[in-house]
Amino acid sequence: MTAVAARYFDGRSSRLQHVTLSVEAGHAVLRGDAERREPLHALRVSERSRGAARKVTFADGAYLEVDDHEAFARLLHETGHRDSLVVRLQQSWRAVLAAAAATVALLWLGYLYLLPALATGMAAALPAGVERQLGAGVLALMDQRLLVPTTLSPQRQAELTGRFRSLQPPRGGAPGWRLLFRSSRIGPNAFALPSGDIVLTDQMVQLLNNDTAVLAVLAHELGHLHEHHGMRRLIQGSVVTAVSGLVFGDMSALMATAPALLLDMKYSRDAEQDADDYAVAMMLHNGLGVQPLVDVFSRLQQLEQQRGGDMGYLSSHPPSSERLARLRAAAAR
Ligand SMILES: [Zn+2]
């Protein structure tokens, strides 16, 4: 018969009494400073947790604390008490850590693979009206905050638009696009909105000082449109609202959050490479060569070094050495 040393508190005072606990004929029996005999079903045994004493509580609020976990476990075992599976699993930190690691890994895999795939599928499946509406909302917001009317003459605008219009798309049909000119408070910039609007700032035209290089920038932006990068990025950034929008057929929540998301949008490195590849293909297809595209990013890199970083085009299109190397390799082919 196992007897376990325990500390007994009567639940009314803080007085410590030393007792032994044993189990006899379905009853817990205390002997020592206090004497007590209670049926087992009237007691509650705390779950195991490392370090802490196990606690046995009586119906009237009195309780026992047991330090000798081993002996207490043996006693419980004799009475047929079993810890639940959850308790036994929680016991093992190894199991806890493994479960946490597995959860993190699963989430990370989902983020890496599932979400982009989902976003791609959704972006392609969205009705064009949704992209148009989103793009228009973002443009209105940017016009309010970041853009002012262009200072380029209508002739100059028509000339650039006409030149870009005359280029053949490299593959498939070109996505529908419209070129909009703005002056910018955020420096040289060009970006494509999900609606198909490509916004080109006067500052970018001035910085490049070469129309073929401007065409290269526009071809890159057309690549983003071709791959629905804006919409994909947007869906990934607001996947919950987007999914519920699709499920419930109500896109208003997405419409409300989209402008802010698009405003500080950075494309992924993969998206940038896709758009670069599209631009390279388009330049080659039209006999313009890849050098103008290389010039764009070298020019931007210079500007970055002069100014020590910049917002706008530089932050969303980092002219990294890796990127330049890729483009130079394409130019050399
Ligand atoms: Zn880009």
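Distance between the modelled labels on V148 and N286, one decimal in nanometres: 3.0 nm (7 Å Cα→Cβ projection). Peptide packing: for 278-285, 24-31, the average count of neighbouring Cβ atoms within 10 Å per residue gives the ranking 278-285, 24-31, highest mean first.
Quickly rank 11-19, 176-184 as a protection proxy: mean count of other C-beta atoms within 10 Å, highest first.
Values: 11-19: 11.4, 176-184: 16.9.
The most tightly packed comes first, giving 176-184, 11-19.
Taking the centroid of alpha carbons for each part, region 280-309 and region 142-157 are 23 Å apart.
Taken together, the values in this text are just the output of simple stated rules run on the coordinates, not laboratory data. Here the structure is a predicted model, which is why all the values come from computation and not from measurement. Cβ coordinates were reconstructed from backbone atoms using ideal geometry, including for glycine residues, and neighbour counts include every protein chain displayed.
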